[in-house]
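**Student:** Pasting a structure below so you can have a look.
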Amino acid sequence: MDKEILQAEHLGVRYGRKGSAALDDLSFALSRGMALGIAGESGSGKTTALRCLAGFQKPSSGRVILQGVDITGGGWKAMKALGYPVQMIRQDTYSSLDPLSSVISLIEEPLLIKGKERKEARMEALGMMERTGLSTALASRHPMELSAGERQRAVIARALMPHPAVLLADEMTASLDASTASGIISLMRSLKDEGTSLVVVSHDLSLLERIADRLMILYRGKTLEEGRTDEILQHPAHPYTEALIAALPGNGGRMLLRTDRMPERSQSCPLLPRCMEARAECRKRRPVLSEVSPGHSAACFASESES
Ligand code: SF4
């Protein structure tokens, strides 16, 4: 098995002493060329997880191990010491790119920060524009003059310049039309084939199906299901995952969850207020992740009794 590049060990994030957990006991290991998809609604903890993995946010508990080094909450200092092996692609391409800089300046900047000569950095930046499907004719334009798809490619090109071992992507196709999104997905797949490891977060399971080898389903910071992507999509073991799959276009849009969002109780299943399969024990204790088939786990009493 490939050596693990990035590990999350029992990550927890809690705001305030009595606040509910934004992230609760998130754990995974990512090897070279592997793509992990993290799915869930807004508020599920996906972006908080990415911020912890990038070292920008110090978790309340747990550790982030990158290339064997503990970088928990280390921020830019930790990344610099390791040569910037992790880069993040944010959802908001406007705020990711300085509006006053030209596209080529933005793309070459990570190499200049690393101390490379400008001429060499520029050559590499032009090559990266071609590699990411961005016409070099756009080099002197400013971000506001680009289309949404071109801006996303510019963000990806900039992120790839330091040759990161790991790319973290947050809803990277959310603002793109279907054909532009397809081009970005193809690019991410080819990066993966070349050995880049990916963590891709999205509410869109159909996007993750096309990229991710493994999938984690988050709800209110908790992992409800994890396993191989094809296994989870074909044999979901958690009612919440079933509801996400049913909501995909073409699946009929069956409503499998209640819409009311009553506050959860600390000792009961987090999905209890919305779950149509709830039973008495779901009120009394909180289900933990347990294996339903080899390499596939779910946190639900209903799936426990079926496995
Ligand atoms: S543990 Fe109970 S409430 Fe929670 S998802 Fe399973 S059946 Fe529903």
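**Student:** Here is the link list: Lys80/Lys116; Lys3/Lys80; Lys58/Lys80; Lys77/Lys192; Lys116/Lys192. Which ones come out longer than 20 Å on Cα distance?
**Tutor:** Lys3/Lys80; Lys77/Lys192; Lys116/Lys192
**Student:** Please give the net charge around Ser102, taking every other residue with its beta carbon less than 14 angstrom from that of Ser102, where Lys and Arg add +1 and Asp and Glu add -1.
**Tutor:** In short, 0.
**Student:** Please report, in debye to the nearest 20, how large the charge dipole of the chain is about its Cα centre when each Lys and Arg carries +1 at its beta carbon and each Asp and Glu carries -1 there.
**Tutor:** 1000 debye
**Student:** Ok, one more. Nearest-5 percent of antiparallel DSSP beta bridges in the chain?
**Tutor:** That works out to approximately 60 percent antiparallel.
**Student:** Where both residues lie in the stretch 134-231, what percent of DSSP beta bridges are antiparallel, nearest 5?
**Tutor:** Antiparallel bridges make up about 55 percent of those DSSP assigns within the stretch 134-231.
**Student:** Next question, about the same structure. Please give the FRET efficiency for Ser102 paired with Ser31, using the beta carbon to beta carbon distance and R0 = 30 Å, rounded to the nearest 0.05.
**Tutor:** E between Ser102 and Ser31, to the nearest 0.05, is 0.20.
**Student:** In terms of the Cα gyration tensor, with a ≥ b ≥ c the square roots of its eigenvalues, is the stretch 32-106 rounded because a/c is under 1.5, prolate because a/b exceeds b/c, or oblate?
**Tutor:** Cα axes put the stretch 32-106 in the oblate bin.
**Student:** When the C-alpha atoms of the stretch 142-185 are aligned to their principal axes, what extent does each axis show, in angstrom, from largest down?
**Tutor:** 28, 23, 15
**Student:** How large is the Rg to Rh ratio of the chain when both quantities use alpha carbon positions and Rh follows Kirkwood?
**Tutor:** Computed over Cα atoms, the ratio is 0.99.
**Student:** Using a Gaussian network model on the chain with a 10 Å cutoff between Cα atoms, which of Ser179, Ser61, Ser290 fluctuates the most?
**Tutor:** The residue with the greatest mean-square fluctuation here is Ser179.
**Student:** Relative to a virtual label point 7 Å from the Cα of Val288 in the Cα→beta-carbon direction, which members of the stretch 201-242 show backbone nitrogen distances below 17 Å?
**Tutor:** Counting backbone N atoms under 17 Å from the label point, the list is 222-226.
**Student:** What percentage of the solvent-accessible surface of the chain, computed with a 1.4 Å probe over protein heavy atoms, is contributed by carbon and sulfur atoms?
**Tutor:** Of the solvent-accessible surface of the chain, carbon and sulfur hold 49 percent.
**Student:** Please get the size of the charge dipole for the stretch 116-216, origin at its Cα centre, with Cβ charges of +1 on Lys and Arg and -1 on Asp and Glu, quoted in debye to the nearest 20.
**Tutor:** 320 debye
**Student:** Restricting things to alpha carbons, tell me how big the stretch 10-65 is in terms of Rg and Dmax, in Å.
**Tutor:** My reading of the Cα-based Rg and Dmax gives 11.6, 39 Å.
**Student:** Right, something else. Could you check which residue among Ile113, Ile211, Ile65 shows the biggest mean-square fluctuation in a GNM of the chain with a 10 Å Cα cutoff?
**Tutor:** Ile113
**Student:** Another question about this same structure. From the Cα trace of the stretch 31-159, what convex hull volume per residue do you get, rounded to a whole Å³?
**Tutor:** Measuring per residue, one finds 137 Å³ for the Cα hull of the stretch 31-159.
**Student:** Just subtract the alpha-carbon distance of Trp76 and Asp230 from 0.36 nm times their residue separation and send over the number in nm, one decimal.
**Tutor:** 51.9 nm
**Student:** Taking 0.36 nm per residue of sequence separation and subtracting the Cα-Cα distance, how much length would be gained by fully extending the chain between Arg141 and Leu272, in nm to one decimal?
**Tutor:** Net length gain for the segment: 42.0 nm.
**Student:** Classify the stretch 145-301 as rounded, prolate or oblate from the Cα gyration tensor: take a ≥ b ≥ c as the square roots of its eigenvalues, call it rounded if a/c is under 1.5, otherwise prolate when a/b beats b/c and oblate if not.
**Tutor:** prolate
**Student:** Give me the 1.4 Å probe accessible area per residue for the chain, excluding ligands and nucleic acids, in Å².
**Tutor:** Ligands and nucleic acids excluded, the result is 48 Å² per residue.
**Student:** Please label the shape of the stretch 71-115 as rounded, prolate or oblate, based on the square roots a ≥ b ≥ c of the eigenvalues of the alpha-carbon gyration tensor (a/c under 1.5 means rounded; beyond that, a/b larger than b/c means prolate, else oblate).
**Tutor:** It is oblate, given that a/c is not under 1.5 and a/b is not larger than b/c.
The values are calculated or read from the model by the stated rules, or taken from the named source; none is laboratory data. Bear in mind that the values here come from a model prediction, so they are computed numbers and not experimental data. Cβ: placed from backbone, ideal geometry, glycine included. Neighbour counts: every protein chain shown. Side chains are part of the model used for accessible areas, which takes the heavy atoms of the whole protein and leaves out ligands, DNA and RNA. Shrake-Rupley method; radii C 1.70, N 1.55, O 1.52, S 1.80 Å.
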